[in-house]
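The values are calculated or read from the model by the stated rules, or taken from the named source; none is laboratory data. Because the structure is predicted, anything quoted here is derived from the model rather than measured. Here the Cβ is made from the backbone with ideal geometry for all residues, glycine too, and neighbour counts use every protein chain on show.
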Amino acid sequence: MKQWKLPIALYLFLVFVSGAVVGALGYRTYSPPTARGVGPRRGTEQFHRQYMEEMRTRLNLNSDQMQKLEGILNRTDERFNDARSQHNQMIRQLREDHVASVREILTPEQLPRYEQLRTEREQRAKQLKESKAR
């Protein structure tokens, strides 16, 4: 009977290890790591402060370089804001063109129902946006 104890112990150990490996792989497959972008957004000022501090400490920037870097950040921020503004204007114009085109093909009886539909959709979109902001 003693000769069977070692093989049985090895088999049990092998089963335990294989179960642990399968469990770890299953956990990794069905619970992937979360994205970095999840969570509250940082404000521009907070980002600038953190970025400037990290650049100063990790690259040992002097005061002249820090001033130049701050100017670069400010100019870049202005360019991003301009690009966002242009993008938003283009989107608004596309929406207005779409609505005008749809109105052209509708009959006078359909127009009030279309306006009602648009109002309902805008309200749903607003509610969805508010629920995501929480």
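Counting only residues that are within 30 Å of E45 (Cα to Cα) and surrounded by 10 or more Cβ atoms within 10 Å (Cβ to Cβ), how many does the stretch 91-134 have? Reasoning before the result, please.
Within the stretch 91-134, the subset within 30 Å of E45 (Cα to Cα) is 91-92, 125-134.
Then keep just the ones that are surrounded by 10 or more Cβ atoms within 10 Å (Cβ to Cβ); that gives 91-92, 125-128.
The qualifying residues number 6.
Being charged (D, E, K, R) and surrounded by 10 or more Cβ atoms within 10 Å (Cβ to Cβ) is the filter; apply it to the stretch 63-74 and report the residue that is modelled with the highest pLDDT.
That would be K68.
For the structure I just gave you, tell me whether L111 is of a type outside the set (D, E, K, R) and in contact with a helix residue (DSSP H, G or I) (Cβ under 7 Å, 6 or more places away or on another chain).
Working: of a type outside the set (D, E, K, R): yes; in contact with a helix residue (DSSP H, G or I) (Cβ under 7 Å, 6 or more places away or on another chain): yes.
Judged against the criteria, L111 is a match.
Within the stretch 16-39, does at least one residue satisfy the condition of being part of a helix (DSSP H, G or I), modelled with pLDDT of 85 or more and of a type in the set (S, T, N, Q)?
Yes - at least one qualifying residue is present in the stretch 16-39.
Which condition breaks for H48 when tested against (1) exposed (fewer than 10 other Cβ atoms within 10 Å of the Cβ); (2) modelled with pLDDT under 90?
The failed condition is (1).
Can you find a residue in the stretch 92-101 that is closer than 24 Å to K132 by Cα and assigned to a helix (DSSP H, G or I)?
Of all residues in the stretch 92-101, those closer than 24 Å to K132 by Cα come to 92, 95.
Now restrict to residues that are assigned to a helix (DSSP H, G or I): 92, 95.
Yes; the residues of the stretch 92-101 include at least one that is closer than 24 Å to K132 by Cα and assigned to a helix (DSSP H, G or I).
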